[in-house]
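*Asks:* Mind looking over this structure? Questions follow.
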Amino acid sequence: MRTGTIRSGNSCALLATACVLFATSASSTEPDADSKVGPEADREEWIELFNGRDLTGWTPKISQHAPGENFADTFRVENGVLQVRYDKYQNFGTQFGHLFYKSPYSYYRLIIEYRFVGEQARGHPGTWAFRNSGVMVHSQDPRTMTRDQDFPISIEAQLLGGKSDGEPRPTLNMCSPGTEVVVDGKLYPEHCLDSSSRTYDGDQWVRAEILVLGAGQITHLIDGQEVMEYALPQFGGGAVHRHDPAAQPTGKLIEGGYIALQSESHPVDFRRVSLLNLAGCMDPQAHSYRSYYVKSEPATCQYAASGRTP
């Protein structure tokens, strides 16, 4: 990774622009006096990305294997829980895996409930991967990854479990394989940044939330409390190997992408993966208007038969 701060003088200006755009789009949700906004406008329509039964809608991509190959039954569902397991591995090595949801998103809230269990896989890559996993956002399409690529170009919300040794080990950190972010007005020079969360020892369930606002701001929360914030996700940096350089246009802002759950050699369970899309119809005259949208998508507006069309 580079040790500099800002590639050019544009980062702070871009951040200010992003904030203005967000404030403008958010304020446009206010209905006018003639609107007929019903109670459904405030009803949050969460999408359950994990259905609790099987891996419908998800595609595995494991390093050294083709997209769609769920090598050694790494990702499986048992008793309503999406499990990441390595009992059928002879040697983990560097077979880092990711399970991708089928649809890309740009503006959304994502809730993950996870826990670490058991012991690391045989032949794991190191103690750094002990109780270590992640949720990748703004990820590249798994079909654009090379066969031997280790991590997708993405922003990782890193999940860490405590070592029960009394030492702090925060979770929901930020890591940046093939990407970079702006923190406090400057391009962050390191690969990972720790959050302010407390340490979660043992096999307890943890509720993590990620608020993603396109190429603007990304916020991490644990149990509803903010633990990290950064902005202007963009292509660049290192910490990704054997990838196609064409998938990493350095300096370009990342507006959206795929969501993926990680396998990094320690068993982990996911019992909830839920998403609230924040992009949609922001016209209060439309039936499909929702008060919580922050990104306008006029094509999604639905009107009465005798009413307006977008």
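*Asks:* For residue 162, what residues show an amide H to amide H distance below 5 Å, using hydrogens built from the backbone and excluding near sequence neighbours?
*Replies:* Distant-sequence amide H within range of residue 162: 200, 201, 202.
*Asks:* Along the charge dipole of the chain, pointing to its positive end and built from +1/-1 on Cβ of Lys, Arg, Asp and Glu, which listed residue (251, 300, 210) has its Cα farthest out?
*Replies:* 251
*Asks:* How many Å³ per residue does the convex hull of the Cα positions in the range 167-261 occupy? Working shown, then result.
*Replies:* Working: hull volume 12.0 nm³, N = 95.
Normalising the Cα hull of the range 167-261 by residue number yields 126 Å³.
*Asks:* Angle, helix 10-27 long axis vs. longest principal axis of the chain, Cα atoms, 0 to 90°, nearest 10?
*Replies:* So the helix axis and the longest Cα principal axis differ by about 50 degrees.
*Asks:* Of the accessible area of the chain, with the probe set at 1.4 angstrom, what percent is carbon plus sulfur? Let's see the in-between values first.
*Replies:* On the way: 6910 of 13710 Å².
That share works out to 50 percent.
*Asks:* Where nothing but the Cβ of Lys and Arg (+1) and of Asp and Glu (-1) is charged, how large is the charge dipole of the range 222-285 around its Cα centre, in debye to the nearest 20? All intermediate terms of the calculation are to be shown ahead of the outcome.
*Replies:* Working: 4 positive and 8 negative charges, 47 e Å.
Dipole magnitude for the range 222-285 comes out near 220 debye.
*Asks:* Which net charge results when you count Lys and Arg as +1 and Asp and Glu as -1 among the other residues whose beta-carbon is under 11 Å from that of residue 239? Write down the numbers at each step before the final one.
*Replies:* Numbers: positive: none; negative: 150, 156, 180, 190.
Counting the neighbours of residue 239, the net charge comes to -4.
*Asks:* Counting DSSP beta bridges with both partners in the chain, what percentage is antiparallel, nearest 5? Please list the in-between numbers first.
*Replies:* Numbers: 69 of 71 bridges.
Taking every DSSP beta bridge with both residues in the chain, the antiparallel ones total about 95 percent.
*Asks:* Can you grab the distance from the C-alpha centre of the range 132-155 to the C-alpha centre of the range 217-247, Å, no decimals?
*Replies:* Taking the Cα centre of the range 217-247 as reference, the centre of the range 132-155 is 12 Å away.
*Asks:* Hey, if you put +1 on the Cβ of every Lys and Arg and -1 on every Asp and Glu Cβ in the chain, which of 168, 185, 234 ends up farthest toward the positive end of that dipole?
*Replies:* Of the options given, the answer is 234.
*Asks:* Roughly how many debye, to the nearest 20, is the charge dipole of the chain about its Cα centre, given +1 on each Lys and Arg Cβ, -1 on each Asp and Glu Cβ, and no other charges?
*Replies:* Values: 28 positive and 37 negative charges, 119 e Å.
That gives a dipole near 560 debye.
*Asks:* Next up: Summing Lys, Arg as +1 and Asp, Glu as -1, what charge do residues with Cβ under 13 Å from the Cβ of residue 85 carry, residue 85 excluded? Could you put the intermediate results ahead of the total?
*Replies:* Working: positive: 76, 88, 122; negative: 73, 78, 87, 119, 264, 269.
Spelling it out: positives minus negatives among the neighbours equals -3.
*Asks:* Could you list, in their original order, any pairs among 186/295; 102/295; 102/186; 102/252; 163/186; 102/163 whose Cα atoms are separated by more than 29 Å? Provide the component values of the computation, followed by the final result.
*Replies:* Numbers: 186/295 25 Å; 102/295 21 Å; 102/186 33 Å; 102/252 23 Å; 163/186 32 Å; 102/163 34 Å.
Checking Cα-Cα distances, 102/186; 163/186; 102/163 exceed 29 Å.
*Asks:* Excluding same-chain residues fewer than 8 positions from residue 88, which lysines have a Cα within less than 18 Å of its Cα?
*Replies:* 61
*Asks:* Put 205, 58 in order of accessible area, largest first, 1.4 Å probe: what do you get? Intermediate values should be presented prior to the final figure.
*Replies:* Values: 205 70, 58 20 Å².
Output order, biggest surface exposure first: 205, 58.
The values are calculated or read from the model by the stated rules, or taken from the named source; none is laboratory data. Predicted model, so just to flag it, every value in this text is computed and none were measured. Please note: Cβ atoms are built from the backbone with ideal geometry, for glycine as well, and neighbour counts cover all protein chains shown. When the accessible area is computed, the model is the full protein with side chains, heavy atoms only, and any ligands, DNA or RNA have been set aside. Shrake-Rupley method; radii C 1.70, N 1.55, O 1.52, S 1.80 Å.
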